[in-house]
Each structure stands twice: as structure tokens, then as C-alpha cells.
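Reviewing the structure listed below.
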Amino acid sequence: MAKLLIFNWKMNPGTFKEAEKILGESIILEESSDKYEIAVCPPSLWLFDLSQKYAGKITFGSQDVFGGDPLSGKGASTGEISAEMLKNSKVEYIIVGHSERRRYENETDEMISKKTEVGLKAGFKVILCVGEDLNTHSQGPEAVKSFIKDQLEKDLENIHNSKFIIHNSLIVAYEPIWAIGTGIPENPESAALMAKYIKEAVGAQVLYGGSVDGKNIGNFIKYEEIDGFLIGGASLSPAQFGGQLN
Ligand code: PGA
């Protein structure tokens with residue numbers, strides 16, 4: 001099966017022109033490899049226009065979705081974007097529960113569970129991000145496993161009985177918080193062990209995320225437990241992955 005590369009642009013770039021340039025490089029990368037499938041997740045302001053203009057050339061994802069009430073797809077929720085709106089653009093993936101949103105936007109497991117449910121029920125592939133902080137990491141692998149198990153239980157609470165949609169459309173991104181944006185990735189063997197653990201626990205595909213770049217991706221690729229990668233900073237210079245993905 002092709003490995004999945006999710007390019008999470010976060011709050012970048014500053015202009016639509018730059019967004020088109022980065023997207024163009026991502027499309028060249030996608031076309032150069034049949035072993036990888038790339039999905040680009042731009043900020044929502046650029047997402048709609050990019051996904052209309054470049055439909056069919058590359059896959060798109062949203063960095064978030066509205067998970068509160070009303071769920072109808074429109075209503076009095078300032079600043080939010082609903083699953084129904086995303087349905088009307090050409091988006092296939094939705095990221096939920098990214099640690100930056102948990103931390104800076106105070107997203108709780110309860111909110112993330114709602115978002116996961118909304119995204120899956122609307123027919124999207126949902127990428128649920130989980131991961132431990134440095135303190136938990138320093139207590140060793142068993143502590144990490146128990147933290148992740150607890151996080152998964154809470155974040156999947158609303159869909160626990162829906163084995164079918166989990167198996168088909170849920171993707172878990174294992175992203176240790178201490179590895180995100182620090183230039184210090186988890187070591188590939190430990191990342192693979194956690195991917196295996198998560199896969200057995202929920203029966204979903206598992207991505208690794210946290211300081212993956214063109215130089216180190218090759219160290220992770222060989223582990224078949226890792227189904228792909230969630231890439232932040234390095235996804236803004238996608239050409240660096242050229243030649244690494246074949
Ligand atoms: P990074 O971000 O690749 O910049 O570490 C990963 C992520 O936050 O998804």
C-alpha cells in the first residue's frame with residue numbers, strides 16, 4: 001500500500017501566491033513517486049481556491065473542523081468551518097486534535113471526540129493526532145503507551161461502537177509533542193513500536209509526525225508499521241523530499 005504523506009502547512013504561507021508555489025512543488029513531488037500519496041493541508045483561507053484550481057492533481061485536507069452545535073453545517077459559530085462546507089470543496093482528509101490546538105486553543109478530548117465523529121460521519125478520512133509530552137516520555141515506553149491508550153479512548157469515545165468507520169476512515173498520527181517543530185524526531189524504532197501498539201489498539205492506519213524532513217525520512221520509511229508521515233515545517237519546502245521517496 002502507498003505510504004501517506006500529510007503536508008500540514010499550519011499557519012503558512014502568508015500569501016496565496018506563495019501557497020501556489022509550494023503547492024506546485026508538492027505536485028511535482030507527488031508525480032515523481034507512485035509509492036506515496038500526498039495530501040496537502042493549507043490554511044482554510046487558501047484551501048478552497050487551491051482545491052478548486054488543482055483538483056485532480058493532488059489531494060487536499062483541512063487542518064480542523066467544527067465539532068460543536070449546531071452540527072447542521074451552518075449557524076452562529078464565529079470563525080468556524082463545518083464539515084458540510086468542507087464537503088463542498090474538494091477535501092478528503094481532516095486533521096483533528098493536533099497538539100497545537102490542544103495546547104493553544106484549549107481543545108479538550110471531549111471536543112476532539114466530537115470533531116472525530118463529525119468528520120467520519122460526513123465521509124472524510126480523519127487524521128486524529130495523539131502524542132505524549134516530554135515528562136511522560138521521560139518515564140519510559142510503558143508510561144507512553146498508557147498515556148496514548150487513555151488519549152485514544154477519550155478521543156474515540158463517540159465512535160467506539162462504529163468499528164466499520166474506524167477501520168476504513170480513521171488514521172491516527174502519533175506525534176510526540178516534544179518532537180514537533182524541535183528538529184529532534186523520535187528514534188525510528190521507538191516510533192515504529194508505538195505505531196504497532198496503536199494499530200493493534202484501534203485497527204487504524206498510523207502515521208508518525210514530529211520533525212520529519214528530507215534528511216531523516218529515509219530512516220523511518222523502512223518500518224512497515226508506519227503507514228506514512230504528518231509533516232509540518234518541512235512540507236513548506238517539499239523539494240527536499242525529492243529522491244527520498246522511491
Ligand atoms: P513538524 O510538525 O514536522 O514541523 O515537526 C509536525 C506536525 O505538527 O504535524
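The values are calculated or read from the model by the stated rules, or taken from the named source; none is laboratory data. A quick note: this is a predicted structure, and the numbers were derived from the prediction, not measured. Backbone-built Cβ (ideal geometry, glycine too); neighbour counts: all protein chains shown.
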Only one of (1) of a type in the set (Phe, Trp, Tyr); (2) touching a strand residue (DSSP E or B) at 6+ places or on another chain (Cβ under 8 Å); (3) over 21 Å from residue 228 (Cβ atoms) is not met by residue 147, so which one is it?
-> (2)
Does residue 55 meet the test of being surrounded by fewer than 16 Cβ atoms within 10 Å (Cβ to Cβ), hydrophobic (A, V, I, L, M, F, W, C) and in contact (Cβ under 8 Å) with a residue 12 or more places away in the chain?
-> yes
From the set of residues in the stretch 65-99 that are surrounded by fewer than 17 Cβ atoms within 10 Å (Cβ to Cβ) and assigned to a helix (DSSP H, G or I), which is nearest to the ligand (Cβ to nearest atom)?
-> 87
List the number of the failed condition for residue 111; all other conditions in (1) more than 14 Å from the ligand (Cβ to nearest atom); (2) touching a helix residue (DSSP H, G or I) at 6+ places or on another chain (Cβ under 8 Å); (3) closer than 21 Å to residue 61 by Cβ; (4) hydrophobic (A, V, I, L, M, F, W, C) hold.
-> (2)
Take the stretch 196-216 and flag every residue that is within 15 Å of the ligand (Cβ to nearest atom) and either closer than 23 Å to residue 96 by Cα or modelled with pLDDT under 95 (or both).
-> 206, 207, 208, 209, 210, 211, 212, 213
For the stretch 143-246, which strands (runs of 3 or more DSSP E) that fit wholly inside it have 3 or more residues that are within 18 Å of residue 112 (Cβ to Cβ)?
-> 170-174, 205-209
